[in-house]
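Peer 1: Okay, here's the structure, questions in a sec.
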Amino acid sequence: MNRRNLLSNFSTGVAGIALSTLLNEVSYATTASHFPAKAKRVLQIFCPGGVSHMDTWDHKPELQRRSGESLPGASDIVTFQGKNGALMGSPWEFIRHGQSGKPVTELLPNLGKFADQIAFVHSMTSKTNTHGPGCVMMNTGFPTEGFPSAGAWVSYALGSENENLPTYVAIPDVRGRPPSGQANWGAGFLPAEHQAIVFNAQEPIRNLAKPSGIDSDVESASRQFLGKINRLHAKRYPGNSDLSARIAAYELAARMQLSAPEASDLSRESTATHALYGTNDSNPLIAAYAKNCLLARRLLERNVRFITLYCGSRASGVDGLLNWDAHKTLQTDYERHCPILDKPTAGLIRDIQARGLLDETLILWTSEFGRMPTHQEGTKGRDHNPNAFTCWMMGAGIKGGVSYGATDEFGGKSVENVTTIYDFYATVLHLLGLNHERLTYYHNGIQRRLTDVHGRVIQPILV
């Protein structure tokens with residue numbers, strides 16, 4: 001054996017282990033922010049289907065008073081699914097909460113208790129009234145697929161705060177994935193390693209367990225040898241981000257064989273914690289979403305940087321069955337969906353707060369657009385409305401008990417401090433210590449941004 005072969009073989013042993021460790025440390029090192037951050041991590045709760053703002057967060061007394069009348073100036077209005085009928089008041093009472101006296105639907109009594117800690121943005125607008133493009137728009141800033149998700153941008157900008165778990169996780173609802181699926185959490189043109197790892201309490205990370213019949217020594221030796229080959233191959237093709245992402249994914253997967261099962265093991269939680277979330281609820285959909293909420297908290301406390309937690313799935317043949325798309329039977333649909341969202345999400349927020357995580361965690365509640373104040377002709381539901389909807393934030397750096405922006409007296413159009421998705425994410429990035437105009441990536445001759453060429457930080461909702 002000559003000197004060159006000796007050194008080459010030695011690299012798969014102790015030196016190889018040291019190099020592998022060094023490379024791993026580099027892969028999860030945190031990148032410097034533009035200025036001191038208020039938030040270290042983000043939890044985004046996404047309710048696909050276009051949640052009706054005037055039936056949840058945006059109380060409209062005039063809509064209630066004039067329910068059954070024609071919408072002034074728009075008697076023959078046509079929207080996504082056709083003609084609209086008269087104004088339709090919300091079927092539910094609104095309850096005032098906290099010192100702010102914020103009215104929230106009676107269907108969300110537990111979440112309403114956080115009104116004094118939430119900053120509601122009531123004047124949100126979108127560019128599309130279709131679910132797939134709407135979900136992608138809300139998650140990436142663009143209505144067409146192929147752009148990086150907000151979580152991918154944050155992963156690219158800040159890196160990871162942990163060694164053994166993903167930087168970015170998407171937790172789909174047990175009922176299925178949202179409209180446009182992976183496009184909601186993809187990396188787009190960013191290096192592929194920044195896309196989300198997808199799993200939930202019901203479906204663990206795929207192909208993570210070690211095959212039976214393979215002992216630890218054999219697996220370790222194989223991994224070291226594979227690492228050497230991967231690094232040589234990566235040097236040969238330095239511009240192939242898919243290859244680099246795959247190598248990084250395999251290395252992370254090896255580390256996650258121990259860490260991920262522990263992080264997702266909900267049996268480690270106390271009976272009181274399970275009761276707080278409702279994981280044993282008699283309604284299987286409440287129990288399933290509650291388990292996903294508990295999983296999200298376990299990931300947050302292990303420093304996963306960005307988590308998107310879905311409450312609702314794709315559109316279905318029966319409107320409003322799997323998500324919040326209440327075209328025909330608003331009352332039945334929301335009396336199904338609101339209890340699923342309410343207690344588990346409130347339990348998650350309360351648990352985050354009790355564990356001292358809220359000061360460094362930014363919580364977002366989002367949907368892709370709102371609904372019309374009228375009913376669809378011939379139905380008791382509401383059609384899509386991209387001109388008015390509500391999102392909210394709470395936690396790190398957020399001023400609670402604030403309602404920013406406003407819709408008109410019926411909730412049909414944003415009229416005061418009209419806000420875009422670009423503004424929303426400019427604010428999110430600001431709280432993470434990032435200037436949205438400086439966070440760019442060169443692609444196809446353009447310095448691309450999450451906020452495109454728009455966006456302003458919503459300063460009135462910040463501490």
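The values are calculated or read from the model by the stated rules, or taken from the named source; none is laboratory data. Quick caveat, the model's predicted, so the values are computed rather than measured. Counting neighbours? That spans all protein chains shown, and the Cβs are built from the backbone with ideal geometry, glycine included.
Peer 1: Name the residue, out of Asp333, Asp342, that is closer than 22 Å to Asn110 by Cα, among the acidic types (Asp, Glu) and within 22 Å of the chain's Cα centre (by Cα).
Peer 2: When all the criteria are applied, what remains is Asp342.
Peer 1: Restricting attention to the stretch 413-441, which residues are in a loop (DSSP other than H, G, I, E, B), touching a residue at least 60 places away in the same chain (Cβ under 8 Å), within 30 Å of Gly159 (Cβ to Cβ) and not polar (S, T, N, Q)?
Peer 2: Leu432, Gly433, Leu434, Arg438, Leu439
Peer 1: Given the criterion at pLDDT below 85 and farther than 19 Å from Pro166 by Cβ, identify the matching residue among Ala234, Ala249, Ala253.
Peer 2: Being at pLDDT below 85 and farther than 19 Å from Pro166 by Cβ holds for just one of Ala234, Ala249, Ala253, which is Ala234.
Peer 1: Would you be able to say whether some residue in the stretch 342-358 is polar (S, T, N, Q) and under 30 Å from Lys83 (Cα atoms)?
Peer 2: Checked against the condition, which is being polar (S, T, N, Q) and under 30 Å from Lys83 (Cα atoms), the stretch 342-358 yields no hits at all.
Peer 1: Separate question: Of the residues in the stretch 280-317, how many are modelled with pLDDT of 95 or more and assigned to a loop (DSSP other than H, G, I, E, B)?
Peer 2: So the answer is 12.
Peer 1: Search the stretch 391-412 for residues being more than 22 Å from the chain's Cα centre (by Cα) and in a loop (DSSP other than H, G, I, E, B), and hand back the single one that is surrounded by the fewest Cβ atoms within 10 Å (Cβ to Cβ).
Peer 2: Glu409
Peer 1: Among the candidates Leu87, Leu108, which residue alone is within 30 Å of Leu348 (Cα to Cα) and not acidic (Asp, Glu)?
Peer 2: Leu108
Peer 1: Another question about this same structure. What do you reckon, is Val402 hydrophobic (A, V, I, L, M, F, W, C), in contact with a strand residue (DSSP E or B) (Cβ under 8 Å, 6 or more places away or on another chain) and over 16 Å from His59 (Cβ atoms)?
Peer 2: Taking the combined requirement at face value, the residue does not satisfy it.
Peer 1: Among strands (runs of 3 or more DSSP E) lying entirely in the stretch 51-127, which contain 2 or more residues that are surrounded by 17 or more Cβ atoms within 10 Å (Cβ to Cβ) and under 25 Å from the mean Cα position of the chain (by Cα)?
Peer 2: Because the criterion is at least 2 residues that are surrounded by 17 or more Cβ atoms within 10 Å (Cβ to Cβ) and under 25 Å from the mean Cα position of the chain (by Cα), the strands (runs of 3 or more DSSP E) in the stretch 51-127 that meet it are 102-105, 118-125.
Peer 1: Among the residues of the stretch 153-180 satisfying the criterion of being farther than 19 Å from Thr427 by Cα and β-branched (Val, Ile, Thr), which is surrounded by the fewest Cβ atoms within 10 Å (Cβ to Cβ)?
Peer 2: This residue is Val174.
Peer 1: What number of residues within the stretch 156-174 are out of contact with any Phe, Trp or Tyr (no Cβ under 9 Å at 6 or more places or on another chain), part of a loop (DSSP other than H, G, I, E, B) and either under 21 Å from Arg448 (Cβ atoms) or modelled with pLDDT of 95 or more (or both)?
Peer 2: 0
Peer 1: Specify the residue that is nearest to the chain's Cα centre (by Cα); the eligible residues are those in the stretch 219-241 that are loosely packed, with under 11 Cβ neighbours inside 10 Å and in a helix (DSSP H, G or I).
Peer 2: Lys235
Peer 1: Same structure, new question: Among the listed residues Ala388, Ala326, Ala288, which satisfies the condition of being crowded, with 24+ Cβ neighbours inside 10 Å, over 23 Å from Thr420 (Cα atoms) and aliphatic (A, V, I, L, M)?
Peer 2: None of the others qualify; the one that does is Ala326.
Peer 1: Another question, then. Quick one: Phe306 ticks every box in (1) under 20 Å from Gln195 (Cα atoms); (2) out of contact with any helix residue (DSSP H, G or I) (no Cβ under 7 Å at 6 or more places or on another chain) bar one, so which box is it?
Peer 2: Unmet for Phe306, out of (1) under 20 Å from Gln195 (Cα atoms); (2) out of contact with any helix residue (DSSP H, G or I) (no Cβ under 7 Å at 6 or more places or on another chain): (2).
Peer 1: Have a look at Leu294, Leu243, Leu266 and point out the one that is in contact (Cβ under 8 Å) with a residue 12 or more places away in the chain, hydrophobic (A, V, I, L, M, F, W, C) and either more than 30 Å from Leu358 (Cα to Cα) or in contact with a Lys or Arg (Cβ under 7 Å, 6 or more places away or on another chain) (or both).
Peer 2: Among Leu294, Leu243, Leu266, only Leu266 is in contact (Cβ under 8 Å) with a residue 12 or more places away in the chain, hydrophobic (A, V, I, L, M, F, W, C) and either more than 30 Å from Leu358 (Cα to Cα) or in contact with a Lys or Arg (Cβ under 7 Å, 6 or more places away or on another chain) (or both).
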